[in-house]
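Report on the following structure.
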Amino acid sequence: MTPGTNPTSTNPTSPARTPGTTATSTSRKSTSRTGTSRTSTPRKRNERSRPASLGLHAALAVAAVVAVFPPLWLLVTSFKPKNDAFSTSIVTHFTLANYTHVLADTEFLTWFENSVIVVGLTTVLGVFIAATTGYAVSRFRFPGMRPLMWLLLITQMFPVAVLIVPLYNLLASLGLLNQPAGLVITYLTIAVPFCAWMMKGYFDTIPVEIDESGRVDGLNPFGTFWRLVLPLARPGLAVTGFYTFVTAWAEVAYASAFMTGEENLTLAGGLQTFVNQYTNDWGSMTAAAVIIAVPAALVFAFAQRHLVAGLTAGTTKG
């Protein structure tokens with residue numbers, strides 16, 4: 001031991017220990033652990049509580065049952081004998097007699113052919129007119145553009161019952177009653193205004209630089225629209241086509257007022273021949289309704305992957 005060295009000194013590199021430090025640190029760790037174990041895990045910001053989640057799922061289940069029950073019961077009734085149409089039991093005597101009667105003993109196939117002609121022409125013409133109108137309003141500025149858009153919007157505010165009489169007189173003066181062309185024109189007045197607005201919103205999301213590149217390559221405005229812009233608008237075209245198809249396929253008021261005679265009826269008008277003030281054939285009507293729903297379901301299955309993108313187009317454009 002060298003002179004002057006304190007025998008109680010420690011290594012200079014080791015920290016100095018103050019009496020009570022170890023006990024205080026241990027007490028804080030113990031308190032921290034105890035507090036952590038007693039405190040419940042905080043709920044995330046958007047996380048629902050268990051009662052709220054159960055209530056939401058119960059409400060969704062009830063809504064699903066309410067939505068599915070009518071078409072499901074329609075399907076069940078179509079396989080029942082005519083005398084059991086109003087029975088509350090499930091099918092006890094399964095039969096295809098309703099479908100056989102509809103397809104073999106009525107003008108259903110003629111109605112189906114008429115509907116296919118009307119719906120096909122309405123869909124093709126409606127999509128083309130709505131797409132060209134939406135593109136013109138989206139890309140060009142011309143006199144009367146704003147009144148045109150307001151006119152397209154205002155036409156959607158009139159109920160069908162108000163328009164039946166003037167449209168009937170107009171079609172009668174043109175000789176288009178009981179003609180597929182008259183019904184096609186009528187359906188176009190319903191579908192085109194809404195679809196043109198929707199297509200304008202979708203074309204607004206497509207960059208204008210694509211049109212400029214087409215003009216640089218020597219394309220005219222219609223060539224740019226047809227070859228460059230239209231292929232990019234498939235989701236919007238799918239929604240437009242689906243809306244136009246459903247409008248023409250399921251419409252009843254105009255089809256019943258403008259088409260008379262069983263050989264001229266469409267499917268929507270033909271359904272009324274099964275249940276009216278003179279007859280009451282619910283079995284045949286439910287069978288025909290099920291057959292009519294099949295093409296609409298197939299079209300929806302084909303277009304459903306584009307529906308969300310097309311319906312929301314333009315909503316996030318700044």
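Read the figures in this text as sums done on the coordinates, not as results from a lab. All figures in this text were calculated on a predicted structure; none of them were measured in a lab. Here the Cβ is made from the backbone with ideal geometry for all residues, glycine too, and neighbour counts use every protein chain on show.
For the reader, a short list of remarks on this structure follows.
- A Förster distance of 45 Å, applied to the separation of the beta-carbon atoms of LEU72 and PHE222, puts the FRET efficiency at 0.40.
- Distance in nm between pseudo-label sites at THR88 and ILE291 (7 Å out along the Cβ direction from Cα): 3.2
- From phi via Karplus (6.51, -1.76, 1.60), per-residue ³J(HN,Hα) for the stretch 239-250 in Hz, x at Gly/Pro: 5, 4, x, 5, 5, 5, 4, 5, 4, 7, 6, 9
- In Å, descending, principal axis extents of the Cα set of the stretch 169-300: 67, 37, 20
- Under 5 Å, built H, 5+ apart or other chain: amide partners of VAL275: ASP281
- Pairwise label distance in nanometres, ARG146 with SER53, each label 7 Å out on the Cα-Cβ vector: 5.2
- The dipole here belongs to the stretch 180-318: it is taken about the Cα centre, uses +1 on the Cβ of Lys and Arg and -1 on the Cβ of Asp and Glu, and is about 320 debye.
- Sequence-ordered 3J(HN,Hα) estimates for the stretch 88-101 from the Karplus curve with 6.51, -1.76 and 1.60 and θ = phi - 60° stand at 8, 8, 5, 4, 9, 10, 5, 8, 10, 5, 5, 5, 4, 5 Hz, glycine and proline given as x.
- Karplus-derived 3J(HN,Hα), 6.51/-1.76/1.60, for each residue of the stretch 115-132, Hz, glycine and proline x: 5, 4, 5, 5, 5, x, 5, 5, 5, 5, 5, x, 5, 5, 5, 5, 5, 5
- Estimated FRET transfer efficiency when R0 is 51 angstrom, pair TYR278-ILE154 (beta carbons, to 0.05): 0.80
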